[in-house]
Structures are given as C-alpha cells and as structure tokens.
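The values are calculated or read from the model by the stated rules, or taken from the named source; none is laboratory data. Remember, it's a predicted structure, so these values are computed and weren't measured experimentally. Glycine also receives a Cβ, built like all others from the backbone with ideal geometry; neighbour counts cover every protein chain displayed.
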Amino acid sequence: MPARAGLSQKRDNRDLNEYPEELKEEYLLLSEWVRELARQYKEKLTISLIDAKSLEGFLKSLRYGVRRYPAFIINKKKKYSGVDKAELQALLEQALS
C-alpha cells in the first residue's frame, strides 16, 4: 500500500502543478484547513469534501443555495462561504456546543 500512496501523491502533485498559481495557493490553504480541523475536532466533526464541479457538488450547491466557494455546510443547516478561518471556527464551535 505505501507504494501506491506514493504514486498517487506524485500524480496529485503533477496535476496540481498544472493549475494557475492562485488556485494552487487556495488548494494548499484549504488542505491545511481541513487537516487542522480534523486534528482539532477529531471525532466531533465529519468532513466531506465534494468537488463543486461534480454532479453531487452541483446538486448540493442548489440544495443549500451556495454560489461562492469554498463553501462549508454545518449540520445541514448553516452555510459559510469564504476563507475567514475565525468565522468558520465560530460557526463550528456554536454548532458543537
């Protein structure tokens, strides 16, 4: 398995390098956010990543009225679009309390 994981990571890095610098920076920022949230909240939080360009992403965007990305849906009720980490953390804390 580790060899496959290494190959996958190389392919993902190659794919990432094909994108404009702005998109790469956003991807790296969001990746770190997701890792940080997973470490911080552990089993209290379930994170599902959905590509906005996929059929599922399109349907969820319609369902929740999301028009800007990245978007976060919290408990199928609240939504947040943007990159303000403090605002997202406040919404998560409120939902988990």
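What is the residue count in region 51-72 for residues that are outside any helix (DSSP H, G or I) and closer than 22 Å to residue 23 by Cβ? Of the residues in region 51-72, 11 are outside any helix (DSSP H, G or I) and closer than 22 Å to residue 23 by Cβ. Among the residues here, residue 89 qualifies as within 23 Å of residue 25 (Cβ to Cβ), part of a helix (DSSP H, G or I) and free of Cβ contacts under 8 Å to residues at least 40 places away in the same chain.
Restricting to region 73-86, name every residue that is part of a loop (DSSP other than H, G, I, E, B) and in contact with an Asp or Glu (Cβ under 9 Å, 6 or more places away or on another chain).
Narrowing region 73-86 to residues part of a loop (DSSP other than H, G, I, E, B): 75-77, 82-84.
83 - this is the single residue of region 73-86 that is part of a loop (DSSP other than H, G, I, E, B) and in contact with an Asp or Glu (Cβ under 9 Å, 6 or more places away or on another chain).
Taking into account only those residues within region 34-45 that are in contact (Cβ under 8 Å) with a residue 12 or more places away in the chain and part of a helix (DSSP H, G or I), which is nearest to residue 83 (Cα to Cα)? Walk me through it before giving the result.
Step one: filter region 34-45 for residues in contact (Cβ under 8 Å) with a residue 12 or more places away in the chain, giving 34, 37, 41, 44-45.
From the residues that got through so far, the ones that are part of a helix (DSSP H, G or I) too are 34, 37, 41, 44.
Details: 34: 12, 37: 14, 41: 19, 44: 22 Å.
Here the residue is 34.
Being modelled with pLDDT of 90 or more, small (Gly, Ala, Ser) and not assigned by TED's automatic domain parsing to the domain that holds residue 33 narrows it down to one of 86, 52, so name that one. Break it down stepwise before answering.
Numbers: 52 fails: modelled with pLDDT of 90 or more.
Residue meeting the stated conditions: 86.
Confirm whether residue 48 is free of Cβ contacts under 8 Å to residues at least 40 places away in the same chain, under 25 Å from residue 25 (Cα atoms) and part of a helix (DSSP H, G or I).
Numbers: free of Cβ contacts under 8 Å to residues at least 40 places away in the same chain: yes; under 25 Å from residue 25 (Cα atoms): yes; part of a helix (DSSP H, G or I): no.
In short, no.
Every condition in (1) under 15 Å from the mean Cα position of the chain (by Cα); (2) assigned to a loop (DSSP other than H, G, I, E, B) is met by residue 28 except one, and the failing one is (2).
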